[in-house]
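The values are calculated or read from the model by the stated rules, or taken from the named source; none is laboratory data. Treat the numbers as computed from the prediction; the structure is a model and nothing was measured. Using ideal geometry, Cβ is built from the backbone for each residue, glycine included, and neighbour counts are taken over all protein chains shown.
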Amino acid sequence: MKKTQMKRHLTPTVPDTCLMGNYGAALVMTRLSAQALVRPVAADTDIGIDLYCETIVGAHPHLHFWVQVKAGKQCEVDSQKRYASAKFSTEKIRYWERQPVPVFAALVPTQWPPNEEPDIHIIDITTQALFNPFSGKQKTHTLRSDDCWPAGSLDAVKNFGAPELLVGDCGAGLYI
């Protein structure tokens with residue numbers, strides 16, 4: 001066997017799904033980083049949360065929230081591109097319901113490889129779970145986005161963590 005053939009067999013194959021997940025998490029992290037401290041979950045410890053985040057208010061750390069990122073074909077966008085949805089296992093939703101901080105899903109619908117930056121659709125999982133309890137009889141639930149961060153615009157991201165949304169609002173924002 002030639003050396004070049006041997007090297008090819010000794011290197012791992014990286015599936016597109018891995019690259020899409022990496023791209024999606026990095027894109028969400030980039031958009032949030034101007035408004036929050038964002039810490040990626042360490043490799044091989046992801047059990048349904050990809051990013052640990054902490055809002056910044058007046059140059060001070062404020063409230064924590066967590067983000068699960070889904071990218072690529074896992075995300076379905078409506079024909080008018082206003083909403084996106086994705087399936088989540090009941091087991092994961094139950095896990096997120098028990099968390100001490102709000103949990104959001106960021107949907108990054110993109111073709112692979114991406115030829116333009118996609119919109120990011122946000123699902124407020126905690127609020128949806130509080131106001132619409134999920135049946136344990138189903139294995140999965142399809143959740144629809146509450147908010148959208150259009151590509152090229154940081155205004156929607158700024159409003160996501162705005163101080164007036166941090167207390168008492170049940171919209172797509174932090175409401176503790």
For the stretch 136-172, which positions are under 19 Å from the mean Cα position of the chain (by Cα), in a loop (DSSP other than H, G, I, E, B), of a type in the set (S, T, N, Q) and at pLDDT below 95? S153
Tell me whether the stretch 33-40 contains one or more residues that are among the aliphatic types (A, V, I, L, M), surrounded by 13 or more Cβ atoms within 10 Å (Cβ to Cβ) and in contact with a Gly (Cβ under 9 Å, 6 or more places away or on another chain). yes
Unmet requirement for W66, which otherwise passes all of (1) without any contact (Cβ under 8 Å) to a residue 24 or more places away in the chain; (2) under 20 Å from F134 (Cα atoms): (1)
Is it true that T110 is over 23 Å from Y52 (Cβ atoms), out of contact with any His (no Cβ under 9 Å at 6 or more places or on another chain), surrounded by 15 or more Cβ atoms within 10 Å (Cβ to Cβ) and not aromatic (F, W, Y)? yes
In the set T55, T17, which member is within 25 Å of R94 (Cβ to Cβ) and not aliphatic (A, V, I, L, M)? T17
Kindly list, by first and then second residue, each pair from a residue in the stretch 111-139 that is more than 23 Å from L32 (Cβ to Cβ) to a residue that is part of a helix (DSSP H, G or I) and of a type in the set (A, V, I, L, M), limited to pairs with Cβ atoms under 6 Å and residues at least 6 apart or on different chains. F134/I93
Conditions (1) loosely packed, with under 13 Cβ neighbours inside 10 Å; (2) within 12 Å of the chain's Cα centre (by Cα); (3) of a type outside the set (D, E): number failed by A59: (2)
In the stretch 105-125, the residues that are of a type in the set (V, I, T) and in a strand (DSSP E or B): V108, I120, I122, I123
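Among the residues in the stretch 129-140, are any farther than 17 Å from A26 by Cβ and of a type in the set (V, I, T)? Walk me through how you get there before you give the answer.
Step one: list which residues in the stretch 129-140 are farther than 17 Å from A26 by Cβ, which gives 129-140.
When the remaining residues are screened for being of a type in the set (V, I, T), the result is 140.
Within the stretch 129-140, one or more residues are farther than 17 Å from A26 by Cβ and of a type in the set (V, I, T).
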